[in-house]
1. For the stretch 67-86, state whether one or more residues are touching a Phe, Trp or Tyr at 6+ places or on another chain (Cβ under 8 Å) and assigned to a strand (DSSP E or B).
2. E84 fails exactly one of the following numbered conditions: (1) more than 13 Å from the chain's Cα centre (by Cα); (2) surrounded by fewer than 18 Cβ atoms within 10 Å (Cβ to Cβ); (3) modelled with pLDDT under 95. What is the number of that condition?
3. Exactly one condition in (1) at pLDDT 95 or above; (2) within 19 Å of L3 (Cα to Cα) is not met by K96; state its number.
4. Out of all the residues in the stretch 1-16, which are in a loop (DSSP other than H, G, I, E, B), out of contact with any strand residue (DSSP E or B) (no Cβ under 6 Å at 6 or more places or on another chain) and more than 19 Å from V117 (Cα to Cα)?
5. Filter the stretch 34-45 down to residues that are surrounded by 10 or more Cβ atoms within 10 Å (Cβ to Cβ) and either outside any helix (DSSP H, G or I) or touching an Asp or Glu at 6+ places or on another chain (Cβ under 7 Å) (or both), then give me how many there are.
6. Of all the residues that make up the stretch 46-80, how many are of a type in the set (S, T, Y) and either within 13 Å of the chain's Cα centre (by Cα) or surrounded by fewer than 16 Cβ atoms within 10 Å (Cβ to Cβ) (or both)?
7. I'd like the residue in the stretch 29-52 that is in contact with a strand residue (DSSP E or B) (Cβ under 6 Å, 6 or more places away or on another chain) and at pLDDT 95 or above and, out of all such residues, is farthest from T74 (Cα to Cα).
8. Looking at (1) at pLDDT 95 or above; (2) not in a loop (DSSP other than H, G, I, E, B), which is the only condition D133 fails?
Amino acid sequence: MNLFTSYWSNPALRKTDAVKVSISRGIPRWPLPFSYRAARLLAPSRKTFELRSDQAFEESYLAELEAAGVAKITDLLTRISDEEGGRPLVLLCWEKPGEICHRRQFAAWFEARTGIVVPELESCGRSRSSRQDAQGQLF
């Protein structure tokens, strides 16, 4: 399974054939030039989202991922990819690269438990990971 992360307004999303998957609590209110799927299991809960401390947020979000379990999460992502012809997935939320973001917390957590590298999709359409070859080219 090929996974990437990105943000809703990344212009590279228009050019990629990857399945866009919302893992945010909300979705854009502007017209999107692509369709998307939702994986609410990976969105922070309201309780976690309302935490004001970055450290408390991360601890709470990671606890939510642990409670859901890597098997359930992997099954969900695999099912979405399989239903979309085995295409790669791009997990989407709001923050731009470099900002504190739950999608990157998820990526680190998922890699630690599965060994699957989940790089950030850059605006130019390339991933940020130096281990890009582990998943191959997206374009």
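The values are calculated or read from the model by the stated rules, or taken from the named source; none is laboratory data. In this text the structure is predicted, and so the values were computed from the model without any measurement. Heads up, the Cβs are rebuilt from the backbone with ideal geometry, glycines too, and the neighbour counts pull from every protein chain shown.
1. No - not one qualifying residue is present in the stretch 67-86.
2. (3)
3. Going through (1) at pLDDT 95 or above; (2) within 19 Å of L3 (Cα to Cα) one by one, K96 breaks only (1).
4. S9, N10, K15
5. Residues meeting the conditions: 8.
6. Pass one, the stretch 46-80, residues of a type in the set (S, T, Y): 48, 53, 60-61, 74, 78.
Imposing the further condition that a residue be either within 13 Å of the chain's Cα centre (by Cα) or surrounded by fewer than 16 Cβ atoms within 10 Å (Cβ to Cβ) (or both) reduces the set to 53, 74, 78.
Of the residues in the stretch 46-80, 3 are of a type in the set (S, T, Y) and either within 13 Å of the chain's Cα centre (by Cα) or surrounded by fewer than 16 Cβ atoms within 10 Å (Cβ to Cβ) (or both).
7. So, considering only residues that are in contact with a strand residue (DSSP E or B) (Cβ under 6 Å, 6 or more places away or on another chain) and at pLDDT 95 or above, the one farthest from T74 (Cα to Cα) is Y36.
8. (1)
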